[in-house]
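Colleague: I have a structure here, written as structure tokens, and I will follow up with some questions on it.
Please treat every number below as a calculation from the coordinates, not as lab data. Computed from a prediction, not measured in an experiment: that's the story for all the values here. A quick note on method: Cβ atoms are made from the backbone with ideal geometry, for glycine too, and the neighbour counts reach across all protein chains shown.
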Amino acid sequence: MDLFEHTADQTMAGAAPLADRMRPRRLEDVVGQEHITAKGCLLERAVGEDRAFSMILWGPPGCGKTTLANVIAKQTKNQWVKISAVLSGVKDVRQIIEAAKERRRLYNRRTLLFVDEIHRFNKSQQDAFLFHVENGLITLIGATTENPSFEVNPALVSRCRVFALNSLPQDAIVQILNRALIDKDRGLGLSSHSFSKAAIDYISAASDGDARAALTNLEVCAFNRGEAKTLDVEDIRAMVAQELLRHDKAGEEHFNLISAFIKSVRGSDPDGAMYWLERMLAAGDDPIYILRRMIRLATEDIGLADPGALTMAMNADTSFRRLGRPEGDGSLYQAAVYLATAPKSNAVYAAQREVQEAVKKYGTLPVPMHIRNAPTGLMKQMGYGKGYKYAHDYKDGYAPQSYLPESLEGTRFYHPTVRGYEKTVKQRLEAWLNLKNNAKET
């Protein structure tokens, strides 16, 4: 069980990894999260006035969730307790609660409980915090990489303030690396010239916004620098672990990326479509899933404005299944660019939804007699098929008659746009409608 207690003024041992040694100790030293740590912000005021409240820190790995919790503990007068949801259970939580009760009774001291990866706790484990957060026995700080809306109980979320932390920008990572490089007390204590600017930039870029990964890479490179006076990119390239692009095929980031791709295609931006496509491919997303979404896009967002869009998407699917990766990636790119640059219309998609609503609203309306099938003599005697006009017997293959149930006669579900091929469809439908209206008048 990863469970320990300590007062806020205790620090890491010098033998700890560089990433742990260099954790900021004051709120003003936290970089990259100024939207919640800047002077005058809610969190800054709460820490400065020793009024810590229950919160959930949500953000990607290495963005500073644990660091921020440590700072809050250090700058407030609380008993600091930390557990990992990966290694702890309800029994551990109960022990913490009992200790918190004794601490408040004997010393009138508050307990600040930090739960790392709180989303790993199941519903009953999360429920164990509810009453004690509500009555103020514990101040809960939960850290999670997953969207709390999906992975944390709504009742617990409602009792906490959610702070969304950002992936650290490259300039913030560079600042953290330069600070660690020259710090003689907790850092490496090296000259600022030990690494070239290009080398620091390379380490920063390779970390993909993860400060912990960046500091680990810096420490590895410094440990293996040998007699070199200044390490350059070529000296460290083999030592730096390249972070995989952040992506969870079952989590929120997966849906963020596919959403960005779909909206780029819908918005007719081929450059955005290609960028988000490559982000998904580089992160290991399933190309077949992406192709399914493109087939859906072809019908939902393009439709009859360009009937070739569906053909292109289907051909890309067939081509990729035949070629595989990496040869088949070009098929995805070609389809993405085609769909992004095609004229757009959701008229068929909108019509589909209107028809579905009409069927739900009106139920099983009877089929008009003139368009019923009449395979037997009895059915013909009953009027089945009577008055039906065979379209091919009329000029231009169009017979002016109604095909909807009587209570829906005259209803129009499909409203084509004037974009692409759908402009032709619109003109054709309007001409037929005029014929139908003229036939009614005569």
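Colleague: Quick one: work out the % antiparallel among DSSP beta bridges in the chain, nearest 5.
Modeller: 15
Colleague: Residue by residue, what Karplus-based ³J(HN,Hα) values in Hz, rounded to whole numbers, does segment 133-144 have, using 6.51, -1.76 and 1.60 with θ = phi - 60° and x for Gly and Pro?
Modeller: Listing the rounded values in order: 6, 5, 8, x, 5, 10, 9, 9, 10, x, 10, 8 Hz.
Colleague: Let me ask something additional. I'd like to compare 384-396, 420-432: which one has the highest average count of other Cβ atoms within 10 Å, and what's the full order after that?
Modeller: 420-432, 384-396
Colleague: Rounding to the nearest 10 and keeping the result within 0 to 90°, find how far the Cα-based axis of helix 65-75 lies from the longest principal axis of the chain.
Modeller: Tilt relative to the chain: about 40 degrees.
Colleague: Can you compute 3J(HN,Hα) from phi for each residue in segment 86-91, using the Karplus curve 6.51 cos²θ - 1.76 cosθ + 1.60 with θ = phi - 60°, rounded to whole Hz and x for Gly and Pro?
Modeller: Residue by residue, segment 86-91 yields 6, 10, 10, x, 4, 4 Hz.
Colleague: On to the next question. Hey, got the dipole for the chain? About the Cα centre, +1 on K and R Cβ, -1 on D and E Cβ, debye to the nearest 20?
Modeller: Dipole size: approximately 1420 debye.
Colleague: Please state, to two decimals, what the Cα-based radius of gyration of segment 170-236 comes to when divided by 2.2 N^0.38 Å (N = residues).
Modeller: 0.97
Colleague: Once each part is reduced to its C-alpha centroid, what is the distance from segment 85-158 to segment 293-343 in angstrom?
Modeller: First find each Cα centre; the distance between them is then 48 Å.
Colleague: Further, regarding this structure: Going by alpha carbons, how many degrees (0 to 90, nearest 10) lie between the helix axis of 211-223 and the longest principal axis of the chain?
Modeller: The answer is roughly 50 degrees.
Colleague: Over the chain, what is the mean sequence separation of C-alpha contacts under 8 Å (at least six apart), divided by residue count, expressed as relative contact order in percent?
Modeller: Relative contact order comes out at 11 percent.
Colleague: Excluding Thr144 itself, calculate the net charge of residues whose Cβ lies under 10 Å from the Cβ of Thr144, where each Lys or Arg counts +1 and each Asp or Glu counts -1.
Modeller: -2
Colleague: Take every Cα pair under 8 Å in segment 170-236 that's 6+ residues apart, average their separations, divide by the length, and report that relative contact order as a whole percent.
Modeller: That works out to 35 percent.
Colleague: Take the alpha carbon gyration tensor of segment 3-164, find the square roots of its eigenvalues, order them as a ≥ b ≥ c, and report rounded if a/c is under 1.5; if not, report prolate when a/b exceeds b/c, else oblate.
Modeller: It is rounded, given that a/c, with a ≥ b ≥ c, falls under 1.5.
Colleague: Another question about this same structure. Can you give the charge dipole size of segment 3-164 about its Cα centre, rounded to the nearest 20 debye, using +1 on the beta carbon of Lys and Arg and -1 on the beta carbon of Asp and Glu?
Modeller: Details: 23 positive and 18 negative charges, 90 e Å.
It works out to roughly 440 debye.
Colleague: Report, to two decimal places, the Cα Rg of the chain normalised by 2.2 N^0.38 Å (N = number of residues).
Modeller: Its radius of gyration relative to the 2.2 N^0.38 Å reference: 1.44.
Colleague: Say we join alpha carbon atoms closer than 10 Å with springs in a Gaussian network model of the chain; which of Gln75, Gln381, Gln125 then has the biggest fluctuation?
Modeller: Looking only at Gln75, Gln381, Gln125, the biggest GNM fluctuation is shown by Gln381.
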